[in-house]
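A.B. asks: Have a look at this one before I ask anything.
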Number of protein chains: 2
Amino acid sequence: HRRGGRSSQGHGSGRCSGRESLDKMSQNVLATPRGAEAPSPSVYLSKRGNSIRQHQGTLQEGFVQYAANKYHVTDNPEGIINLGTSENKLCYDLLHARLTRPDMLYVEPSLLQYSDWTGRTFLREEVAKFLTHYCGSPKTLNADNVVVMNGCGSLFSCVAAVICDPKDAILIPTPFYGVITDDVDLYSDVKLFHVHLDCEVTIKDYRAFHLTVEKLEEGLTKAKQEVAVILMNPHNPLAEIYTPEEMIAFLEFAKRNDLHAIVDELYMLTVFDESVTFHSVLSLDSLPDPLRTHVMWGLSKDFAMSGIRAGTLYTENRELVEALAQLGCFHGIPGTVQHQVAQLLQDRAWIDNEFLPENRRRLKAAHSFLTGELRSMGIPFLDRPAALFVWADLREYLQESSFQEELNLWRCFLRHNVLLSCGQAFSCSTPGWFRIVFADQHLHLGGPFMPDVSK
Amino acid sequence: HRRGGRSSQGHGSGRCSGRESLDKMSQNVLATPRGAEAPSPSVYLSKRGNSIRQHQGTLQEGFVQYAANKYHVTDNPEGIINLGTSENKLCYDLLHARLTRPDMLYVEPSLLQYSDWTGRTFLREEVAKFLTHYCGSPKTLNADNVVVMNGCGSLFSCVAAVICDPKDAILIPTPFYGVITDDVDLYSDVKLFHVHLDCEVTIKDYRAFHLTVEKLEEGLTKAKQEVAVILMNPHNPLAEIYTPEEMIAFLEFAKRNDLHAIVDELYMLTVFDESVTFHSVLSLDSLPDPLRTHVMWGLSKDFAMSGIRAGTLYTENRELVEALAQLGCFHGIPGTVQHQVAQLLQDRAWIDNEFLPENRRRLKAAHSFLTGELRSMGIPFLDRPAALFVWADLREYLQESSFQEELNLWRCFLRHNVLLSCGQAFSCSTPGWFRIVFADQHLHLGGPFMPDVSK
């Protein structure tokens, strides 16, 4: 029982008020909303190298703390429970059973040799078949339009490098998965231009954080060097599922403005409510601007294996594929793992009869548990039937509406050994929103999951 | 018997004279010494993207042709035999036996999850132990000084990004493994400044392509923004093994000039003559400038698995490690493969009793075969007991001493379905030198290996 354990260790369970937090943490809290203190510049690194080294937000800071002190039921019961990193930890038994079947232990000479940097042909073919089926494409997708790299972060980096010049900008609605900021910036020196979505519901607009074409147009007039727009469906961290009509409108907006549309569909198979259908843009009869539409998918979220490092891009733009092929040498996947991924993707019996139904069942149960807890505590949240997390409104727990206060609350959770992700890490315009990952068995260890910050 | 097959296919075996080559290939040979024709710029890509896409030399052009038409003894006996790419294809049987043992099929939850981007702790520990032993380090090397990424190309890219600013330069003696040019340039916009070594032997200097501190000093006075020097030992493509005294002198040169020394020891375990000992810089009692000395190694060459994508960096500079950790997210290795690599590196019985002795025996035999053929044809070459290739002097076969003629000869080989690497791809200052990979069983199919270009 985590709460008991915590209390008995003298961590206390009293409210982390802004005052208390500031007092206790005055040594290591910066006045700026940044995470841990930046190291001083190194004489051994270039200006760029120092900037890269000093780059650290709370997502990273939290993960580092978690990695050094992971919760384990027997070995480290006082460790950190990670509800901040979007990983699905509910289906390891299913994955272990599949990944240790004999077909996974396969080696042939070519798998140990250099190959095509966009991914081996056999893998690109399986990805094309897989996407054709699970995205409901009206036409058979082409393996030559597939690029496979070691994760979607690599794909974001590469795509930014080849469609943008340094200092160019990409439009993105906020909140959004904050790591994309680093993905397009660290190597490629591309900036994100934020289009802030509003958390407040009005008579005119009943949807919180509602993304509309008007919002995008408005953002575009303020931006300068924008080259592309990033769209996420299902959305991270909102878990919003956009309708085909909405996505078409967004893609038409991109076309009107000669913007590349990078469509991130990483969570497409996480929809856990049977009454809701996700529509991939690859299911459309025709894309408004096929040569500027690039669809990302990967195994990290839908197949719960972020440690395997496999992301895919589908694009009809061969010139883009050629450019990505040049950078692919930095983002290669081991030949043997390419074989394993291909084996997994072609195993429809396992995917359709074992993994997907059971995974959805578990996601749904975990989501129900978390949202039930939130309801019982009176915490508002976006109730969406997809992804691995809930976007929750903890504004009530801030002393004042500021990102410093949000950071204090985030640190308060962390002191109580619960890692969450705060809204600022997703560039949310209003302080007090948190992303809470529910796809973790630890949630069930002893509720309520939240440190008692209400007293 | 390849030669017969070739002739019977009407390829002819007549001499590819410069005249003939130019006539036959006027459609696709550029006046510049570049490889295939550059594609016209894409309106969908940025200036940088177009530059990346158009980036292609003969190393790449040759590999693409080979990949589309690989020689196979029964399935494609008229395919291309690749003696251009430095891969060891002699030990697949040993590798297959090891890589399909049950310990390689291991999955645990953490391997499927996000982790430390410099490599999992268990792997960095095995790498440190491995390097301590095989580099003969007088002290136990520290796992915290190890960074593991998906290949040394990724490490070159990252190190360039964090020790250099865009347009900065790194000093490198030529000839050198040409891909490094792309490794430091494509993402990181860092240029190489060439220090040309001379192929001519003089009374004063009896060693062809002799690297000396004087040469380095001379290069440095001509360079402008140099930040580092790249040293290779054993050298690619010369297969030269430098003595500890030479390496110390080079490292002292780097220290005197505040240059980082990136020491590439990728071929350290390929020395196949028992009478010759390779000395890693990690075997030195002390490094002249430990915080500016960074040693690269990987599995691609020494363990004949370039398709597995695993490269390591050893550096005492923690600030550099911290900066690399930030970029590591783009160069991650699957958790399961990190486990496999760790298993392999800790299996000293297999390495010492099975793989290394047999690999050396086979390398030595293949080297003997190739050099015997070269001798019988009167072709001069550098006779060195290391690496997977021989640096051969084909100047006699050029109509005139020009890189266009060298390219013609390279294309002539390729038309005869033999892929080699020409000196220009290694920035050699004198046309006519070729790198010939001997670590391939195909060499034995029917000698002499060379198309008959002498008649």
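A.B. asks: Helix B:121-134 sits at what angle to the longest principal axis of chain B, using alpha carbons and giving 0 to 90 degrees rounded to 10?
C.D. replies: 70
A.B. asks: List the lysines whose alpha-carbon lies under 23 Å from that of A:Lys255, not counting same-chain residues fewer than 8 positions away?
C.D. replies: Of all the lysines, those that pass the test against A:Lys255 - Cα under 23 Å, at least 8 places apart if same chain - are A:Lys139, A:Lys167, A:Lys191, A:Lys215, A:Lys222, A:Lys224, B:Lys47.
A.B. asks: Calculate how steeply helix A:356-376 sits against the longest principal axis of the alpha-carbon atoms of chain A, using the helix alpha-carbon long axis, and give the answer as 0 to 90 degrees to the nearest 10.
C.D. replies: The angle comes out at about 30 degrees.
A.B. asks: With a ≥ b ≥ c taken as the square roots of the eigenvalues of the C-alpha gyration tensor of the stretch A:206-258, please select rounded if a/c is under 1.5 and otherwise prolate if a/b is larger than b/c or oblate if it is not?
C.D. replies: Prolate, since a/c reaches 1.5 and a/b exceeds b/c.
A.B. asks: Taking each pair of distinct Cα atoms in chain A once, what is the resulting Kirkwood hydrodynamic radius in Å?
C.D. replies: By the Kirkwood definition, the hydrodynamic radius is 23.1 Å.
A.B. asks: Between B:Lys364 and the same site in the other copies, what are the distances in nm, shortest first, taking label points 7 Å from Cα along the C-beta direction?
C.D. replies: 6.7
A.B. asks: Need the C-alpha centroid separation for the stretch B:289-357 versus the stretch B:93-153, integer Å.
C.D. replies: Measuring centre to centre over Cα atoms gives 6 Å.
A.B. asks: A further question on this structure: Please compute, for peptide B:180-187, the average count of beta-carbon atoms on other protein chains lying within 10 Å of each residue's beta-carbon.
C.D. replies: That average works out to 3.
A.B. asks: Rg and Dmax of the stretch A:156-294 over Cα atoms: what are they, in angstrom?
C.D. replies: 14.7, 44
A.B. asks: Residue farthest toward the positive end of the dipole of the stretch A:106-349, with Cβ of Lys/Arg at +1 and Asp/Glu at -1: which of A:Val295, A:Pro109, A:Leu171?
C.D. replies: Highest projection toward the positive end goes to A:Pro109.
A.B. asks: Taking 1 over the mean of 1/r across every pair of different Cα atoms in the stretch A:267-412, what Kirkwood radius in Å do you get?
C.D. replies: Result for the stretch A:267-412 stands at 18.9 Å.
A.B. asks: While we're looking at this one, here's another question. Quick one: order B:Thr140, A:Thr277 from most to least accessible surface, probe 1.4 Å.
C.D. replies: So the residues, ranked largest to smallest area, are B:Thr140, A:Thr277.
A.B. asks: Once you place label points 7 Å from the Cα toward the Cβ at B:Ser283 and B:Arg318, how far apart are they in nm?
C.D. replies: 3.0
A.B. asks: Continuing with this model, one more query. Of B:Leu269, A:Asn50, A:Val201, which is farthest along the charge dipole of the protein assembly as shown in the positive direction, counting Lys and Arg as +1 and Asp and Glu as -1 at C-beta?
C.D. replies: B:Leu269
A.B. asks: Cα convex hull of the protein assembly as shown: mean projected area in nm², to one decimal?
C.D. replies: 38.2
A.B. asks: Let me ask something else. Over all residues in B:157-167, what is the mean tally of Cβ atoms on other chains that come within 10 Å of each residue's Cβ?
C.D. replies: 5
A.B. asks: In peptide A:190-199, how many Cβ atoms from other protein chains are near each Cβ within 10 Å, on average?
C.D. replies: The per-residue average across the peptide is 0.
A.B. asks: I would also like to ask the following. Could you give the dipole magnitude of chain B about its Cα centre, charging the beta-carbon of Lys and Arg +1 and that of Asp and Glu -1, in debye to the nearest 20?
C.D. replies: So the dipole magnitude of chain B works out to roughly 1160 debye.
A.B. asks: So how do B:45-57, A:409-421 stack up, highest first, on mean other-Cβ count within 10 Å?
C.D. replies: Ranking the peptides B:45-57, A:409-421 by packing returns A:409-421, B:45-57.
A.B. asks: Between A:Lys215 and A:Ser275, what FRET efficiency comes out of the Förster formula 1/(1 + (r/R0)^6) with R0 = 35 Å and r the beta carbon distance, rounded to 0.05?
C.D. replies: 0.80
A.B. asks: Provide the convex hull volume over Cα atoms per residue for the stretch B:77-196, in Å³.
C.D. replies: Normalising the Cα hull of the stretch B:77-196 by residue number yields 212 Å³.
A.B. asks: Oh, and also: What gaps in nm, shortest first, separate A:Gly79 from its twins in the other copies when you place the label 7 Å past Cα toward the beta carbon?
C.D. replies: Those label-point separations list as 4.6 nm.
A.B. asks: Heavy atoms only, probe 1.4 Å: what % of the accessible area of the stretch A:106-349 goes to carbon and sulfur, would you let me know?
C.D. replies: 51
A.B. asks: How would you rank B:198-209, A:337-348, B:331-342, A:366-377, highest first, on the average number of other Cβ atoms within 10 Å across their residues?
C.D. replies: B:331-342, A:337-348, A:366-377, B:198-209
A.B. asks: With every protein chain present, what accessible area does A:Arg318 have (1.4 Å probe, heavy atoms only), rounded to the nearest 10 Å²?
C.D. replies: Surface accessible to solvent at A:Arg318 totals approximately 100 Å².
A.B. asks: Here's a follow-up. What is the spin-label model distance, in nm, from B:Asp103 to A:Val73 if the labels are put 7 Å beyond Cα along the C-beta direction?
C.D. replies: For the pair B:Asp103/A:Val73, the computed spacing is 2.9 nm.
A.B. asks: At a threshold of 8 angstrom on Cα-Cα distance, excluding pairs fewer than six apart, so keeping six or more, what relative contact order does chain A reach in percent?
C.D. replies: Once normalised by length, the contact order is 24 percent.
A.B. asks: Counting only heavy atoms of protein chains, what accessible area per residue, in Å², does chain A have with a probe of 1.4 Å?
C.D. replies: 36
A.B. asks: Measuring from label point to label point, each 7 Å out along Cα→Cβ, what is the B:Ser40 to B:Gln441 span in nm?
C.D. replies: 4.7
A.B. asks: Taking square-rooted eigenvalues a ≥ b ≥ c of the alpha carbon gyration tensor, is the stretch A:106-349 rounded, prolate or oblate, where a/c under 1.5 means rounded and, failing that, a/b exceeding b/c means prolate?
C.D. replies: Prolate, because a/c is 1.5 or more and a/b exceeds b/c.
A.B. asks: Please give the helix A:403-415 orientation as an angle from the longest Cα principal axis of chain A, in degrees from 0 to 90, rounded to the nearest 10.
C.D. replies: It is inclined by approximately 80 degrees.
A.B. asks: May I ask you to report, in nm to one decimal and beginning with the shortest, the distances from B:Arg256 to the same position in the other copies, taking label points 7 Å along Cα-to-Cβ?
C.D. replies: Listed shortest first, these distances are 6.7 nm.
A.B. asks: Between A:His133 and B:Asp383, how high is the FRET efficiency from 1/(1 + (r/R0)^6) when r is the Cβ-Cβ distance and R₀ = 51 Å? Nearest 0.05.
C.D. replies: Calculated transfer efficiency: 0.35.
A.B. asks: Something else about it: How large is the charge dipole for the protein assembly as shown, taken about the Cα centre, if only the Cβ atoms of Lys, Arg (+1) and Asp, Glu (-1) carry charge, to the nearest 20 debye?
C.D. replies: 480
The values are calculated or read from the model by the stated rules, or taken from the named source; none is laboratory data. A quick note: this is a predicted structure, and the numbers were derived from the prediction, not measured. Glycine also receives a Cβ, built like all others from the backbone with ideal geometry; neighbour counts cover every protein chain displayed. The area values use the complete protein model at the heavy-atom level, side chains included, leaving out ligands, DNA and RNA. Shrake-Rupley method; radii C 1.70, N 1.55, O 1.52, S 1.80 Å.
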